[in-house]
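The numbers here are math on the coordinates, done by the rules we state, and not lab data. All figures in this text were calculated on a predicted structure; none of them were measured in a lab. Here the Cβ positions follow ideal geometry from the backbone for every residue, glycine too, while neighbour counts run over all protein chains shown.
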Amino acid sequence: MSRFQVLVIALCVIMNVIEGYDILVMGFAASGVRAEWGVSASGVGLLISAGLMGMAVGSTLVAPAADRIGRRPLTLLCLGIATLGMALSAVTGAYEQLWACRFVTGLGVGGVMVSLPVIIAEFSSKRARGASVAFFALGLPTGGLLGGSVAALVASHYGWRATFVSGAILSFVTAATMVKLLPESLDFLLTRRPNGALDRVNRLLTRMHLTPVPVLPEPAAHEIGNVRAAVLAGRNGVRSGLLWLGFFALFGALYFASNWMPQLLEQSGLSARAGIGGGIMINLGGIAGSLLMTWLALHLSSRFLAVATLAGAAVVFLAMAFVLGNLTATLVVAVLMGMLLYALGASLYALGPSLYPAGVRSTALGWAVGVGRIGAIVTPLIAGVLVDAGWSGVGLFELFSIPLALAAVGMVALRFVKPAPVTTAAPVPAEAPTTA
């Protein structure tokens, strides 16, 4: 891979770091919001879910526009929306205003996070594709670690609003950088053929140290319109359903653990500082898991890795139920939990694009992630309601291990459901890298 291809992947990772900060920071700001406004546990769950609801809408309704207008403009637009949401969150004066601002932030984050793994898959070589997408997953726990560190540094001195101010500044700087450096998707140019597509494709090929092409290949008719056949119909629909189950379990478990860990550790008798430490440990484990997955993806299939990490995460959730309240054991299990959940995310994001033809990848992955966001939305809400009803962290971790185990079975079943044929674009000349 050329330096330019590596740069594109690095840019996507940086964006994922910032978006991870934007969406996970609410869990670290929650204690300050509860203290200032007297919000109940259910109310905190609604605030956490507001961003996740926005992400679901962004993934399912906004991200598919990338297949029509391009990955680059859609990504830049969504970065701007997320920046606006973070800035407004810092100046809210009421609970309802903060809820709306968190929804707007999630809307932008959802649109960005779907486009990025598709861009990475398209600019990576075939051998490095799984590892590149796994490395991309490193961004989210790094963003969560950044959010926890900022919360520990500034919240005690300047209040919870300072965490959102910091995020808005980081998002703005990132958006300005991407305007200058982020290229358009190669597969989008080959499939949609906007004005000047041939020149733009050849400029990208030159920067990738590949031979320019004299003409664009002729795509098969109506490839872009085959969304239903490629994603929803027959055996392809079954495959999509199994992928959706994996994303549902992933996001439900991840956002429950990331956002509720600090409060559940406090509930179990540990200090507020220890609670934040538990949240940070999940993200430290996530960084380690993403790096490990980057290496494993070079040697093992994404589907196998998805099965292994889902099963492992289910076991670790059960282990957390047994050790909760013991600080040392809890922090160790939190690291393992972060490793497995973020490794699982890397494996699913690597697996997803490979299940669909190039012309529908953003739409298909957007729908899968959107279904996953439903899990991310309902688990904080359920947790808040159950905490108000007297549930402890022990019961919650046992409860949320169940979807992980079911999704592991689904990933095993995916092996036995072969894809149905759909119309795809004519092959691109060998000199042009493509995932079609």
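If I fit a long axis through the Cα atoms of helix 95-123 and take the longest principal axis of the Cα atoms of the chain, what angle between them do I get, 0 to 90°, rounded to 10?
40 degrees
Given the rule -39500 (n - 2.57) for each run of at least 4 DSSP H residues, summed and divided by the residues of the chain, what is its mean residue ellipticity at 222 nm, to the nearest 500 deg cm²/dmol?
-25500 deg cm²/dmol, from helical runs alone.
Tell me which chymotrypsin sites (Phe, Trp or Tyr not before Pro) from segment 339-423 have a DSSP coil assignment and no more than 10 other beta carbons within 10 Å of their own.
Phe416
Based on the Kirkwood radius over alpha-carbon pairs, what value in µm²/s does the Stokes-Einstein equation return for the translational diffusion coefficient of segment 3-414 at 37 °C and 0.692 mPa s?
D, rounded to a whole number, is 155 µm²/s.
Of Glu36, Glu19, Glu266, how do they rank once you tally other Cβ atoms within 10 Å and put the fewest first?
Ranked by crowding around the Cβ, least crowded first: Glu36, Glu266, Glu19.
How large is the dipole of the chain about the Cα centre if only Lys and Arg carry +1 and Asp and Glu carry -1, each at its Cβ, rounded to the nearest 20 debye?
920 debye
For the Cα atoms of the chain, what angle does the longest principal axis make with the long axis of helix 234-267, in degrees from 0 to 90, nearest 10?
30 degrees
Using the charge dipole of segment 3-414 (Lys, Arg: +1 at Cβ; Asp, Glu: -1 at Cβ; taken about the Cα centre), state which of Ala405, Gly85, Leu305 has its Cα farthest towards the positive end.
Working it through, the farthest residue towards the positive pole turns out to be Leu305.
How much FRET efficiency would the formula 1/(1 + (r/R0)^6) give for Val215 and Ser149, where r is the Cβ-Cβ distance and R0 is 51 Å, rounded to 0.05?
0.50
Stretch Ala176-Ala197 to full length: gain in nm at 0.36 nm per residue minus the Cα-Cα span?
5.1 nm
In degrees from 0 to 90, rounded to the nearest 10, what is the angle of the helix 393-414 Cα long axis to the longest principal axis of the chain?
20 degrees
Name the chymotrypsin sites (Phe, Trp or Tyr not before Pro) in segment 127-226 that are in a loop by DSSP and that have at most 10 other C-beta atoms within 10 Å, would you?
none
Need one number for segment 300-344: average projected area of the convex hull over its C-alpha atoms, nm².
Result: 2.8 nm².
From the Cα gyration tensor of segment 12-127, with a ≥ b ≥ c the square roots of its eigenvalues, which class applies: rounded if a/c is under 1.5, or else prolate if a/b is larger than b/c, or else oblate?
prolate
Please report Leu76, Leu116, Leu242, Leu348 as a ranked list, fewest other C-beta atoms within 10 angstrom at the top and most at the bottom.
Leu76, Leu242, Leu116, Leu348
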